[in-house]
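I have placed the structure first, in the form of structure tokens, so that the comments after it can refer back to it.
Every number here is computed from the coordinates shown, using simple stated rules; none is lab data. This is a predicted model, so every value here is computed, not measured. No Cβ is skipped: glycine too gets one built from the backbone with ideal geometry, and neighbour counts run over all protein chains shown.
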Amino acid sequence: MSHISRRRFLRDTLVGSAAISAAPYIAKAQAPNDKLGVAVVGCRGRGASHLSAFASDPRTVVLYIVDVDEKVGAKRCEMTAKKQGFKPKFVRDMREAFRDPAVDLVSTA
């Protein structure tokens, strides 16, 4: 029978407890193949280039386009849908996009 010191027993117990308590956080980590959800606020000028870049990037998917001008927003939604194959949702209030847990990053132009 091997002899285990108190220090080693405590250390091993603490390491095991830490691993068990961290498991839910590790399980929720994003997989490397998952795409990042993007919300773009402001879609004229510089915002249009942000949309184009995110829609062309295979690591991201534009989920929301936020702008006060509905005509411009609708036009940018169509443009983005053609590029990425998924039509983003147009909203006028950025808080709606911020509430969505699928949004991982926000671009403001």
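Of note:
- Pairs of lysines in the chain whose Cα atoms sit within less than 20 Å of one another amount to 11, provided the residues are eight or more positions apart or on different chains.
- With neighbour counts taken as other beta-carbon atoms within 10 Å, the residues SER52, SER17 rank, fewest first, as SER17, SER52.
- Compactness of the chain, taken as the C-alpha radius of gyration over 2.2 N^0.38 Å, stands at 1.71.
- Using just its DSSP H runs of length 4 or more, each adding -39500 (n - 2.57), the chain gives a mean residue ellipticity at 222 nm of -16000 deg cm²/dmol after division by all residues.
- Magnitude of the charge dipole, the stretch 36-108, Cβ model with Lys/Arg +1 and Asp/Glu -1, debye to 20: 200 debye
- Relative contact order (%) - the stretch 36-108, alpha-carbon pairs under 8 angstrom, separation at least six: 41 percent
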